[in-house]
Structures are given as structure tokens and as C-alpha cells.
1. Going by average Cβ neighbours within 10 Å, how do the peptides 308-317, 481-490, 459-468, 566-575 rank, with the highest at the top?
2. Test of understanding: what is the full-extension gain from ASP503 to ALA300, defined as 0.36 nm times their sequence separation minus their Cα-Cα distance?
3. Given segment 624-726 reduced to its alpha-carbon atoms as identical point scatterers, what log10 I(q)/I(0) does the Debye formula return at q = 0.12, 0.20 Å⁻¹?
4. Indicate, rounded to the nearest 5 percent, the antiparallel portion of the DSSP beta bridges found entirely in the chain.
5. Taking the highest mean first, how do the peptides 17-29, 63-75, 181-193 order by number of other beta carbon atoms within 10 angstrom per residue?
6. Taking only Cα atoms, what is the 0 to 90° angle, nearest 10, from helix 544-554's long axis to the longest principal axis of the chain?
7. Once both axes come from the Cα atoms, what is the angle between helix 182-194 and the longest principal axis of the chain, in degrees from 0 to 90, rounded to 10?
8. Any idea what the relative contact order of segment 142-358 is, in percent, if you count C-alpha pairs under 8 Å spaced at least 6 apart?
Amino acid sequence: MATTRSTCPYCGVGCGVLIEHEGGQVTGVRGDPEHPANFGRLCSKGSTLHLSARPALAQATRLLHPQWRSQRGGPTQALAWKQALDLAAGRIARTVQQHGPDAVGVYVSGQLLTEDYYVFNKLVKGVLGSNQIDSNSRLCMSSAVAGYKLTLGADAPPPCYDDLGLAQTLFIIGSNTAWAHPVLFRRIEDARAARPDLRLIVADPRRTDTAASADLHLPLQPGTDVALLHGLLHIMLWEGWLDLAYIAAHTSGFEALKAIVREHTPAHTARLCGLQQADLYTAARWIAGLDSPAQDGAPAPTAPLFSGRDGRLRRPTLSLYCQGLNQSSNGSANNAALIHLHLATGQIGQPGAGPLSLTGQPNAMGGREVGAMATLLSAHRDLANPAHRAEVAQLWGVPSVPEQPGRSAVQMFQAAAEGEVKVLWIACTNPAQSLPDQRMVRRALERAEFVIVQEAFADTATTAYADLLLPATTWGEKEGTVSNSERRISRVRRAVPAPQHPDHALDGPRPDWVIARDVAQRLEALLHPQPAAQRRIHFDYPTPEAVWNEHRQSTRGRDLDISGLSYALLDTEGPQQWPLPEGHRQGLARLYTDGRFPTADGKARFAALPYRAPAEARDASYPLALNTGRLRDQWHGMSRTGLLGRLFGHAPEPVLHMHPQDMARRRLTEGELVSVQSARGRIVLPLQAASDLGLGQVYLPMHWGSDCLSGRTPEGQPLLGVNALTTPACCPTSRQPELKHAAVRVEPA
Ligand code: SF4
């Protein structure tokens with residue numbers, strides 16, 4: 001038996017795994033005891049990875065060779081890879097020539113490896129000449145990106161996981177860490193066991209497992225995060241808990257923010273958020289880090305003190321946050337308002353302190369690093385900056401790269417539904433389940449003239465719409481890198497060959513970067529047959545390492561400089577945090593320790609963004625606030641976790657969670673089928689009493705879509721899953737959709 005060191009493909013904790021394999025088959029998986037993200041631990045999802053890779057299951061569930069449909073909805077026919085790649089490139093090139101590059105939309109995934117992402121990005125921006133590439137990371141982290149850039153000047157989480165053990169106060173907002181990032185939550189539990197004085201505040205409308213374990217739970221009303229955070233800043237300001245010297249020396253824009261938070265008095269905040277004023281004071285005091293926990297009758301503090309810029313001694317506060325802040329029509333303001341608390345108290349750049357966004361997907365950050373989104377440019381460069389665009393054009397050997405941002409994920413599908421996007425190329429993601437407003441998404445997939453789906457699994461909701469199916473390799477079969485929530489880059493390694501169809505053994509699944517590379521080479525020949533002298537773009541990468549080397553060169557001199565981070569260094573030194581410039585052997589654990597930020601004047605900025613209510617107000621027709629989220633043992637659309645019966649032990653079916661009093665008011669009983677209706681759609685499913693919810697709120701797990709549900713609604717409509725209900729309203733800055741809030745009504749089915 002052999003063992004190959006790799007990384008879990010599920011969440012952004014980025015746990016190291018040891019893949020055990022024999023005879024070309026995965027036989028087991030263990031946590032890597034040497035990986036600094038998990039030190040050998042795995043959660044229920046990671047520890048069952050080998051079961052979903054069993055050969056018999058792979059033969060039954062994987063896409064094993066290229067296929068095409070001569071007719072939408074018709075049977076598929078096998079293609080050789082050459083025919084498939086020619087077909088893909090030919091349709092894309094013809095569309096660009098007839099309708100322009102904006103008529104092609106490429107929708108990729110935070111589950112791609114960084115090398116995959118790099119080639120896709122170069123293909124779209126360097127060959128097609130558009131920015132019409134976006135990622136399902138838009139549904140995940142784009143508000144965190146916007147929040148960091150608005151305030152700190154760069155998309156870079158400042159702290160590291162080790163800070164969990166150094167903080168005096170952990171402030172978790174908008175994250176059920178216990179379920180969504182389980183191994184990280186184990187580290188929190190360890191830290192609390194070792195230091196009972198460590199305090200945990202959780203702000204969440206639901207009393208989740210994470211909230212239930214908190215010293216202080218703030219069950220705020222849905223969508224009132226900015227109001228809460230502005231209210232906490234207001235209290236700190238009036239109580240004299242801010243570090244005014246830090247604000248003066250290292251930030252700008254505080255006066256404008258002060259004017260906004262003035263109205264967020266404790267009474268106003270408590271009323272708007274549905275919280276107790278006393279709890280607001282407690283939270284503000286703990287986060288500011290000036291008090292002694294012993295005053296609360298709690299154990300004496302043990303976290304190391306640090307001296308603020310104003311000379312006062314503080315104990316560090318670390319904030320953790322995820323989709324509760326991000327998936328909001330105010331996502332950027334939510335993120336900025338949280339970071340403000342750290343800037344205003346100097347709780348940043350210190351051991352145990354700072355804002356640490358928890359990445360949802362395994363490599364959402366890698367995609368951000370290579371700039372593979374409609375609004376980003378390579379290596380944290382700025383699309384709007386002509387010098388940055390010229391640098392990328394020079395690196396790639398093209399005359400220019402486009403300036404105009406492309407369409408974000410929701411916009412891309414809206415444009416396809418309206419006939420503006422003619423070709424959709426979807427890689428490693430399942431928009432027919434995961435995007436909001438599924439009726440619109442289905443219209444888009446039906447109206448697009450050509451849909452390419454590049455996938456590892458055969459039967460996702462989206463593969464049903466494909467004209468061309470390109471089989472991709474997946475975990476255990478491919479090589480590359482991923483970046484986790486603490487900026488740590490880990491190697492993903494191939495342990496076994498991809499499964500083969502016995503009749504198409506030469507045309508089996510290929511790595512995503514290889515497929516993108518081979519289409520790019522064809523497109524370059526079709527679209528630029530007589531390249532100008534200055535056109536030197538190439539895609540002749542023989543290995544993922546060659547792609548990686550080009551990417552790391554592109555980061556030279558940037559805030560995320562990884563010019564020194566070779567595959568060889570990752571092999572010898574293990575996973576590393578960025579930056580890691582040439583000449584270094586280890587990355588940087590914490591950023592901004594010197595109080596200098598990557599902005600023009602070196603100062604962080606307060607972003608004076610006001611509180612705004614969620615996009616869709618509750619009213620008499622739709623009186624309930626629908627929240628959606630993850631279950632403990634499932635991952636996204638369940639393409640992989642849904643293959644294992646044991647992972648349904650925790651939650652066997654989708655149910656609507658509702659407070660017992662709301663049920664009683666509607667004369668609904670547990671287990672009965674209910675109809676959940678929003679302005680966009682309706683689904684029918686069983687009801688479950690849930691006193692962990694506030695009144696007027698309901699909750700649905702996000703994992704079930706049309707490919708997981710059979711049957712039809714009473715009106716004969718197909719069951720589209722939770723995203724039949726959700727709204728396409730997006731944050732105007734980050735363009736992240738508001739998956740955490742939709743107005744619905746619930747009635748007996
Ligand atoms: Fe995988 Fe995340 Fe679980 Fe770690 S915590 S094993 S990365 S799913």
C-alpha cells in the first residue's frame with residue numbers, strides 16, 4: 001500500500017490528508033498529522049473521501065468520456081477528445097466572431113485548483129479578450145474580498161489559525177463554524193479547554209451549535225449585521241474604548257464613519273436588531289479587549305496583553321465570519337463594518353487579533369489570487385488600473401487585456417436568459433442548483449445556443465442541459481495547489497489514475513487545466529491566425545508545475561508575492577502562507593504587524609457605508625424571512641457526499657425549520673408537508689419544529705436541488721430545490737447574491 005500526501009477538496013479549512021492506495025485504487029484516507037491546518041484531524045466529510053472514490057461507485061457516477069447531444073434533452077453520443085475539443089473551440093470561436101467576446105460566458109469554480117483557474121483566466125482575458133469569466137466564488141467570498149479591499153487595501157486575511165489559541169475573545173458572526181468548518185471548531189474547543197477564560201461571542205439569528213456553545217449569543221434579526229456592528233462601534237466610541245492614536249496614525253476616513261454610527265445608539269441598535277442593550281455593552285467591551293474578564297466573574301485572563309498605539313494594554317480579539325456576512329445585498333458593508341471594529345481598537349496585526357474570513361470553498365482564495373473573476377485581475381492587480389493591465393498584458397504576451405469588468409455570476413445567467421450570452425462554458429460547478437432564482441437559471445441554460453459542461457460527475461442538475469460534456473479528473477486524480485482561509489497554500493497530489501470507461505479507455509477524464517489549455521490553443525489558432533509581432537501568448541504547459549511557475553512569477557512584487565514558493569519548496573517545507581517572496585523559505589503568519597497597509601498612503605480606510613435593510617422586505621404576502629445554509633455532513637450539491645448513505649444519518653432529507661410558535665399560529669404540525677412560496681417560486685417539503693430559530697424566520701438546508709428531488713409540485717412544476725425561492729438581488733459592490741434572506745410564506749401543501 002502506498003500513501004500520497006494531499007488536501008481535502010471540501011471546505012476552506014484546507015485540511016491535509018494522507019491518501020492510502022493500492023493497485024491504482026484509493027483504499028483509505030487519514031488526516032495528515034503534519035499539516036498545520038488540521039494536525040491529523042478530519043471531519044465527517046473529509047474522513048469518508050475514500051468511500052466516494054470506490055471504483056464501483058466511480059463507474060456508476062462519474063463522467064467517463066466526452067459526450068455531445070445533437071438535440072437538447074436528447075441522448076448523448078460518445079466523442080473522442082480531439083472531436084470534443086475541436087467542437088468546443090469551434091463553437092466558441094464562431095460565437096466570438098459573430099457576436100463578440102462578451103457573448104461567451106465562462107463560469108468556473110472555487111473547487112478548481114489554482115493551476116486550473118490560471119489557465120481559464122488567461123484563456124478568457126488573453127485569448128477571447130473579455131472579462132466574461134466568473135466563479136461560484138461569487139456566491140461565497142466576493143463580499144469578503146470587497147470588504148478587505150475597501151478597508152485594508154488588499155484581499156488578504158491578516159491573521160492565521162494559530163491566533164485561535166492566542167485570542168482572549170473570539171467573535172464569530174454569520175458562521176456556524178461547528179458545522180461548516182468543523183476541524184477549525186475543534187481547534188476552538190481545544191483552545192477553550194486549555195484556557196477557560198477565552199470568551200466566545202456568536203452573532204447569528206439562529207441558535208446554531210456554534211451559538212449554543214458561546215458565552216454570549218447575539219440572536220440578531222436577519223440582515224441587521226451592519227446595524228449591530230455600527231452599534232458596537234458607537235458604544236466603543238462613547239465609552240472611550242477606541243484606540244484613537246491607532247486611528248490617527250494608521251487609518252483614514254474615521255470622521256465620515258463617526259457621522260454614520262452616531263445614530264446607532266444602544267437603544268436604536270437593540271430595537272432594530274432585536275437584542276438586549278446590556279448584551280451589546282458586554283460584546284463591545286469584550287471585543288475592545290480593555291476589560292478584565294475577572295470583572296464578569298469569569299476566570300482570570302491569560303491571553304498575552306499587547307500595548308495599543310495609545311499605550312493602553314489590551315487583550316486580543318479575533319473575528320471569524322463567513323456566509324452570514326457575505327451572502328447579503330449588504331455583503332461588502334457587513335464585512336467593512338466588522339473590520340472597522342478591529343481598526344478602531346488597534347486589534348489587528350497583533351498575535352491573536354484581527355478579522356479572519358472563513359473561506360467557504362477549498363480554493364476560493366486561489367481563484368482570487370490568479371484573478372479569475374469578472375472584476376479581478378491577476379495577482380491582486382486592479383482592472384481599473386492601466387498600469388496593472390499593461391503588466392498583465394506584458395506577462396501574457398498580448399497587446400492588452402480588457403478594462404471593462406465582465407458580468408458576475410448572476411448577471412452572466414441573466415444575460416444568457418435574455419439571449420445576450422450565446423455560449424456558456426461551465427466547469428466544476430452546478431449552477432442549475434446553486435444559483436439563486438432557479439427559474440431564471442433554467443431559462444438561461446435553455447436559451448443559450450451552446451452549453452459546455454466540464455464535470456467529474458455525470459448526473460448533476462446542470463449536466464442535463466449540456467450540449468457538450470467534458471469529463472474532468474477530480475480529488476485523488478489531479479495535481480496542483482489550493483489556498484485555504486489563512487492564506488496557506490497546500491499541494492494537491494495525484495494518487496490514482498482516473499477511472500476509465502472500458503469502451504473509451506483513451507478518452508477518459510482529464511485535468512481541468514489540460515482541457516482549458518487544449519481549448520485555448522485551438523482558440524488562439526482560430527481567433528488570431530496571424531498574430532501580430534507583439535502577440536506571444538502561449539499555452540504549451542507540459543505540467544501543472546509549469547502553470548504554477550508562471551503564476552508565481554506574475555505575483556512578483558505584489559502583496560501576495562509567492563515568487564519563492566516552488567513545488568520543490570512545498571515538498572520540503574510543507575504548506576506555506578503567502579507572501580513568500582524569492583529568497584524566503586517560510587511564509588508570513590500575520591499581516592500588517594507594522595501598521596502599514598497596501599494603500600496609496602499606507603493607511604487603512606474606514607468605509608462610511610450605512611445600514612440598509614435586506615433587499616426583499618417581509619410583508620403581509622410573504623411574512624417570513626428564509627435563511628439557507630449548510631448541514632454538518634453534506635457538501636454543496638452533494639455530487640460527492642450524496643453518494644454515501646452514512647452521511648445522511650445526520651439529516652436524511654430536506655425539511656423546513658420553523659419556530660413552534662410560528663407553526664402553532666398557522667396550525668401546522670411537525671412532519672406535515674408544507675408549501676414554501678417566494679415571489680419567484682414554490683417548493684413543497686416536510687416541516688420540522690426548530691426552537692433555535694427566532695419568530696418570523698424559517699431555515700432550509702442548501703444541499704437539495706432538482707437532481708436530488710423527484711416528483712413535481714401540485715402545479716406540475718419540477719422541484720427546483722431551495723434556490724427556486726432565493727433572490728438574485730446582489731450586493732452592489734461585491735455582486736454577491738443574497739442567499740441568506742428571502743421573503744416567503746408557508747402554508748399547508
Ligand atoms: Fe475537509 Fe473542511 Fe472537514 Fe477539513 S474541515 S476535513 S477541509 S471538510
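1. Numbers: 308-317: 19.0, 481-490: 27.6, 459-468: 22.2, 566-575: 14.9.
By packing density, highest mean first, the sequence is 481-490, 459-468, 308-317, 566-575.
2. Values: separation 203, 0.36 × 203 = 73.08 nm, distance 6.90 nm.
Additional length available on full extension: 66.2 nm.
3. At q = 0.12, 0.20 Å⁻¹ the computed log10 ratios are -0.39, -1.08.
4. Values: 43 of 87 bridges.
Looking only at bridges with both residues in the chain, the antiparallel portion is about 50 percent.
5. Numbers: 17-29: 18.0, 63-75: 16.2, 181-193: 19.8.
In descending order of packing, they fall as 181-193, 17-29, 63-75.
6. Taking the Cα atoms of the chain, the angle to 544-554 is about 50 degrees.
7. Here the helix axis deviates by roughly 30 degrees.
8. Once normalised by length, the contact order is 33 percent.
Values quoted throughout were computed directly from the atomic coordinates according to the rules given, and no laboratory measurement underlies them. Everything quoted here is computed from the prediction, not taken from an experiment. Virtual Cβ from ideal backbone geometry, glycine too; neighbours counted across all protein chains shown.
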